[in-house]
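Undergrad: My questions all concern the structure below.
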Amino acid sequence: MERRMKEYIKYLDDSVELTPRIKKLRDIFFSTSPSVCTDRVKYFTESFRETEGEPTILRRAKALDNVLSHMTLYVKEGDLLAGNLASIPRGAPIFPEFSVDWIEKELNGDPYFIDERPGDAYDVTEETKRYLIDEIIPYWRGHTHEDMVRSLLPEETRLACQEVKGTEENWVMTSGDGHTIPNYIRVIREGIKGVLEQTQNRLDGIDITDPAQLEQVTFLKSVVITLKAVVTFANRYADKLEDMASAEHDTARKAELTEMARICRRIPEHPAETFYEAVQSILFVNIPVQLESNGHSISFGRVDQYLYPFFVRDIDSGALDAGRAFEIMNCLWLKVTEFSKLRDWDNTVAFVGNPLFQNLTIGGQTLNGQDAVNELSYLSLACTKKLSMTQPSLTVRWYAGTSDRFMKEAVKVIRKIGSLPAFFNDEVIIPSMLNIGYSYEDAINYAMVGCVEPAPHGQIGGRYGAGFPNFAKWAELAVNGGKDPRTGLTLAPLDGDITTFKDFDELMNAFTTQLDFFLKHHVVAGNVVDMSWGVCTPNPFLSAMIDDCISRGKEIKQGGAKYDFTGGQSVGIISAANSLATIKKVVFDDKRITAEQLKHALDTDFEDRDTDPSGEEIRQILLKSDSKFGNDNDEPDGIAAYIMKYLSDHEMRYKNTRYGKGPIGGTFIPSTATVASHVLTGQIVGATADGRKAGTPITEGTSAFHDTETKGPTALMNSYAKLPNVLMPGGQLFNVKIAPSAVDSEQGIDNWVALIKGAFEKRAMQLQFNIVSSRTLVEAKRKPKDYTDLIVRVAGYSGYFVDLCPDVQDDIIARTEHAL
Amino acid sequence: MFFDNKEEYDTTGVVFNIEQYHVNDGSGIRTNVFLKGCNLWCQWCCNPESQSLQLQVAVHRNLCVKCGTCRSGVCPRDAITADDDGFPSIDGSKCVACGACVASCLQDAMELYGKTMNVNEAIEEVVKDAKFFAMSGGGLTIGGGEPCVQAGYAAALAKAARRRHINVAVETAGAVPFERLWSVAEHADQILFDVKYTDPEKFRTISDAPLDQVKGNLRGLASKGKDITMRCPIVPGLNDDDGHIGRLIEWARELGIENIDVLPFHQLGKYKYDSLGMDYTLSGLKDLDKSIANGIRDVMVEKGLNATVGG
């Protein structure tokens, strides 16, 4: 075992190169622009036109069947895996049933033409434009998820979300859900056949005289249609591959194509018997889920664990060798990078970098508490290191028994490619899951979904990505007596404002009053979105891939999943804590300026030069005040912790739409998985008392505000460790930027691992790093063509720096760089 | 409680800085406690605020806007006047370093160097990073100034750290009687021993103590089996000659010291001389070229030493 491990660690050596085949496949990505693909929208709409009057879930099943039966298939030259999401690599399917209004606007150039966006532009042909405008959009207009959400949204909630924007909920109003790990393991072990048998048995056993059971029939029939459709999809590849094989002159490639055809004929219908088959099986689950649900973050789970038995058997029998296993895994990594998703412009800003958040988890512990790291864990690291691509998002689980050797190799991957993998702490995450009702067996087997959201395998029906509650906005509203300076609206009135508050407690109460109000509407908006998804866009195939839906006879949104939570993505918590702590110190404790002076400075965005001190001088006082999270200073850290605890207490009291319908949970849960929304949501927040200018980015995740953590990385970690991380079961996000020169020696690597381990032993929850110097980033912004494969950690995900919007680029450049 | 120890509360000293996450002053991740007061007067010193044992108020002229706030009755001893350029000038004979002017400055242009802390207060700061020390093989580094100027305090601090199972490094120039040095060093796991000059005449320009005492102390510590790293500031024109480098190597080999750090001269401390109103004689000197520093290291490595640039 140990001897074999060493053989695999070798793949991380700088001397190991990708095979020519893989290099070619990788080049396809960099030579192909993202584009809009009409395959899905065409076949989906075609089917919908024929099924009017039938139940929505059945229509969607039939529409998915039509898509999978007719969409263009391709197999790239030299590829070892089959499966495509669109007609060409990096093509983005269209999901008209969710929303068409923004597509129409953007096709007409409002605010940008899709192919002229400042970030994440997509090629779109004239023909496609005309087709969408003339034939697709008119059919769907007024009948989409977004329309349903609009009609369901209470007026006060609309004002809170869309006018004051105290919580940003738009992206889930125009997109699908996603955010889960389908049960790949079941399909690998039992095949679609096994799932189909269970579904058929359930159907056969139904007493149709019982209305409750009668209701289940449509769902189960829809499941049957989609399961069969997926088998058809695989068989279409088999046909295509057989044709390709017979036309192929190169004997080696001919043999490969023949083997691929054989595999696609067998799986996913039947259980996988080899490592290779198991890997291919993953894709035949993942791709249909994506085509059905329009969600991102369809994650892969603990790939190094569930593929391992197949790997060991094949290696031991000699059917597989290390080199071949590495190539097959490279192909999986590259396949994931081909996928693309088109979002509306606002959400493109929040999710910039064209990420699909397809997280893949390695490491951690086994059910019995043993170190789970195996050869495939090292091979996974090697894939990410050698390919240097942004997808899949690679997660490394750490627990008290994880070896330093593994951690060292993992941080060396970051050093090489700049940002992946991210690290997650079992010692906090597992208790956080137990705390909200997960069984120990399911919690210990968690993997990451999307950015930082812990989830069990094949047991949760999505819904981590709710809206972005904007804590910085609430701090601004508290200072202003509840009145929003931007819109003039007062939704949650307060008795007085900062100039009349007698002490810090009154300010804090004002803040929590705003929190209570907007949290409530965040929940209302979240539930409205879920109701609409349940009515407009039920997902029979995904439901079949999530435990208990079939046995319960319920689609996910009806309460089919074993576990079900709704997770908000809190943004700007640290901006709020810094602002409140700074007001406490500067105005109430040290009395360096008065509340009136502060309010005037904030109202004028620190631009008034005629006051004494001037606006800019006040800004400097606020900026330099030792009252910022990230310096191991108990006061701001304590305020941040208080806010987080308060959030957790209050958010978890709210029920989601599945409460009491079967799943364990059924409540909202907090997280700080902000993606890049801190740039978008910062745009509507005025000047804040931490010295931040109006409209600029607020804080992401739980990370410190840039340039305010001045005592080095250990103090930063100490601050982080003081937060009630265990009360954030939806996940924490914590970014640290490190100077490349800090980790260019073995000693630097050792200290880096020590820093992560120290932070994790002190109960930090998650850590991710950017190892790119500010100078490089500035240079890359200036000369994008020279830096096409420069990867940076945007938030809970990584993206190509040159693809990002200028605002986001600037924000990343500004984050404090730590010398290790 | 186990760590409660009367000595920790009763022993006070003057600390001018506590910095977390030092990675070049001993093994692993370390917190440095810098003690005020030095018995040497090296002209290249990059921490001039470390030299005096007294608390000091500095005026950073680059930040000062001459608003006059600090002169408008803020000082309880009336020690601040304006100098010819309009910057605050502090009368050292009146100033008691109470910090009132520092607190009043809106520009953060005034800074108080030095804080009187008992050992417990200092060690409480240090233990904050204990987890990171444990993970990295790091610990506390007591530096200065010259820690042996406040030997009682330094020793008590080292003992307090060890009581908490924290590794201790002491950085010293060793220009004190051996008994005094040993009173601190006996509680240290690692000694960072600064060797500035190996020429007795030159050494006399920065110290009252004879060079023989320094070398004797180094030998003494080595003979007691202490883990020693020689730390050698290299200043262009002063001690970058081959003779000095050769003698450093001789010393190390003779005393069986394997680790040696080349510390290249830099100008980062220059502004602090201005702020403290102190003369700085090396302002025209260039930083030691990196290639020269690397060259010196390479010579040392060739001679079998474990040499680094910067530690």
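Undergrad: Would you mind giving the three semi-axes, in whole Å and largest first, of the ellipsoid equivalent to chain B according to its Cα gyration tensor?
TA: 34, 26, 17
Undergrad: Averaging over every viewing direction, what projected area does the convex hull of the Cα atoms of region B:234-275 cover, in nm²?
TA: 3.9
Undergrad: Debye calculation, C-alpha points only, no solvent: report log10 I(q)/I(0) for region A:1-138 at q = 0.17, 0.20, 0.21 Å⁻¹, in the same order as the q values.
TA: Results for region A:1-138 at q = 0.17, 0.20, 0.21 Å⁻¹ read -1.00, -1.21, -1.28.
Undergrad: Going out from 0 in 5 Å bins, what whole percent of all Cα-Cα distances in region A:736-787 drops into each bin?
TA: 5, 18, 21, 19, 15, 11, 8, 4, 1
Undergrad: Under 16 Å between alpha carbons: how many lysine pairs meet that in region A:554-643, if sequence neighbours fewer than 8 apart on the same chain are excluded?
TA: Lysine pairs, 8 or more places apart or on different chains, close enough: 9.
Undergrad: Sort A:440-446, B:21-27, A:201-207, B:60-66 for me by packing, meaning the mean count of neighbouring Cβ atoms within 10 Å per residue, highest on top.
TA: Taking the mean over residues of other Cβ atoms within 10 Å, the ranking is B:21-27, A:440-446, B:60-66, A:201-207.
Undergrad: Where in chain A are the DSSP H helices whose C-alpha atoms run 27 Å or more along the long axis and whose mean Kyte hydropathy is at least -1.0?
TA: Sorted by number, the helices that extend far enough and score high enough are A:211-247, A:275-293, A:504-536.
Undergrad: Once you sort the root eigenvalues of the Cα gyration tensor of the protein assembly as shown as a ≥ b ≥ c, which label holds: rounded (a/c under 1.5), prolate (a/b larger than b/c) or oblate (the other case)?
TA: prolate
Undergrad: Pairs A:Lys165/A:Lys483; A:Lys386/A:Lys412; B:Lys159/B:Lys196; A:Lys23/A:Lys76; A:Lys42/A:Lys193: which are spaced more than 18 Å apart, C-alpha to C-alpha?
TA: Going by Cα-Cα distance, B:Lys159/B:Lys196; A:Lys42/A:Lys193 fall outside the 18 Å limit.
Undergrad: Spin-label point model (7 Å from Cα, Cβ direction): what's the B:Lys6 to A:Leu367 distance in nm?
TA: Inter-label distance under the simple model: 6.0 nm.
Undergrad: Follow-up. For chain B, find the longest principal axis of its Cα atoms and tell me its angle to the long axis of helix B:151-163, 0 to 90°, nearest 10.
TA: 70
Undergrad: Give the Kirkwood hydrodynamic radius (Å, one decimal) of region A:394-520, defined as one over the mean of 1/r across all pairs of different Cα atoms.
TA: Value: 18.2 Å, from the Cα pair sum.
Undergrad: Between B:Gly139 and residues 5 or more places away or on another chain, which pairs have amide H atoms under 5 Å apart, with H built 1.01 Å from N, and which residues are they?
TA: Placed amide hydrogens put B:Ile29, B:Arg30, B:Thr31 under 5 Å from B:Gly139.
Undergrad: While we're here: Per q in 0.18, 0.19, 0.21, 0.23 Å⁻¹, report the Debye log10 I(q)/I(0) for region A:559-679, using one uniform scatterer on each alpha carbon and no solvent.
TA: -0.95, -1.01, -1.11, -1.20
Undergrad: With the Cα gyration tensor of region A:360-400 in hand, convert its eigenvalues to equivalent ellipsoid semi-axes via √(5λ) and list them largest first in whole Å.
TA: Whole-Å semi-axes of the equivalent ellipsoid: 21, 10, 7.
Undergrad: Taking a ≥ b ≥ c as the square roots of the eigenvalues of the Cα gyration tensor of region A:41-113, is the shape rounded (a/c under 1.5), prolate (a/b larger than b/c) or oblate?
TA: Here region A:41-113 falls in the oblate category.
Undergrad: Tell me the Rg and the Dmax, in Å, that the Cα atoms of region B:32-162 produce.
TA: Rg, Dmax (Cα atoms, Å): 17.7, 54.
Undergrad: Right, next: Give me the compactness ratio for region A:691-820, meaning the Cα radius of gyration over 2.2 N^0.38 Å.
TA: Against the empirical 2.2 N^0.38 Å value, I get 1.07 for region A:691-820.
Undergrad: Right, something else. Given 4 °C and 1.567 mPa s, how large is the Stokes-Einstein diffusion coefficient of region B:56-113 in µm²/s, with Rh as the Kirkwood radius over Cα pairs?
TA: 118
Undergrad: Mind ranking A:404-417, B:89-102, B:257-270, A:80-93 by how tightly packed they are, going by the mean number of other C-beta atoms within 10 angstrom, highest first?
TA: Most protected by this proxy first, the peptides run A:80-93, A:404-417, B:257-270, B:89-102.
Undergrad: Something else: For region A:261-394, evaluate the Debye formula with one uniform point scatterer on each Cα (no solvent term) and list log10 I(q)/I(0) at q = 0.16 Å⁻¹, rounded to two decimals.
TA: -0.88
Undergrad: Tell me the Kirkwood hydrodynamic radius of region B:137-184 in angstroms, computed as one over the mean inverse distance between distinct C-alpha pairs.
TA: Hydrodynamic radius (Kirkwood, Cα only) of region B:137-184 equals 10.7 Å.
Undergrad: For chain B, which whole percent of the accessible surface, found with a 1.4 angstrom probe, sits on carbon and sulfur atoms?
TA: The C+S portion of the solvent-accessible surface of chain B is 48 percent.
Undergrad: Per DSSP H run of at least 4 residues, take -39500 (n - 2.57); add these up for chain B, divide by its residues and hand me the 222 nm value, nearest 500 deg cm²/dmol.
TA: It comes out at -9000 deg cm²/dmol, rounded to the nearest 500.
Undergrad: Calculate the all-directions average of the projected area of region A:401-443's alpha-carbon convex hull, and give it in nm².
TA: Over all viewing directions, region A:401-443 projects a mean Cα-hull area of 3.7 nm².
Undergrad: Can you compute the equivalent ellipsoid semi-axes for region A:596-741, i.e. the square root of 5 times each eigenvalue of the Cα gyration tensor, sorted largest first and rounded to whole Å?
TA: In descending order, the three semi-axes are 32, 20, 14 Å.
Undergrad: Connecting C-alpha atoms closer than 10 Å in a GNM of chain B, tell me which of B:Asp84, B:Asp242, B:Asp108 has the biggest fluctuation.
TA: Of B:Asp84, B:Asp242, B:Asp108, the Gaussian network model singles out B:Asp84 as fluctuating most.
Undergrad: When all C-alpha to C-alpha distances in region A:86-143 are sorted into bins of 10 Å, what percent of pairs does each bin hold, rounded to whole numbers?
TA: 22, 56, 22, 0
Undergrad: Would you mind listing how long region A:620-678 runs along its three principal axes, going by Cα atoms, in whole Å with the largest first?
TA: Principal-axis extents of region A:620-678 (Cα, largest first): 53, 25, 15 Å.
Undergrad: Further question on the same structure: Per residue of chain A, what 222 nm ellipticity follows from adding -39500 (n - 2.57) for every DSSP H run with n ≥ 4, rounded to the nearest 500?
TA: Calculated from helices alone, the mean residue ellipticity at 222 nm is -15000 deg cm²/dmol.
Undergrad: Taking each residue in B:132-141, count the Cβ atoms of any other chain within 10 Å of its Cβ, then average. What number comes out?
TA: Across the residues of B:132-141, the mean count of other-chain Cβ atoms within 10 Å is 5.
Undergrad: Stokes-Einstein diffusion coefficient for region B:1-43 at 4 °C in a medium of 1.567 mPa s, Rh from the Kirkwood formula over Cα pairs: what value in µm²/s?
TA: 99
The values are calculated or read from the model by the stated rules, or taken from the named source; none is laboratory data. Quick caveat: nothing in here was measured; it's all calculated off a predicted structure. Every residue, glycine as well, gets a Cβ built from its backbone with ideal geometry; the counts of neighbours run over all protein chains shown. For accessibility, only protein heavy atoms count, side chains too; no ligands or nucleic acids. Shrake-Rupley method; radii C 1.70, N 1.55, O 1.52, S 1.80 Å.
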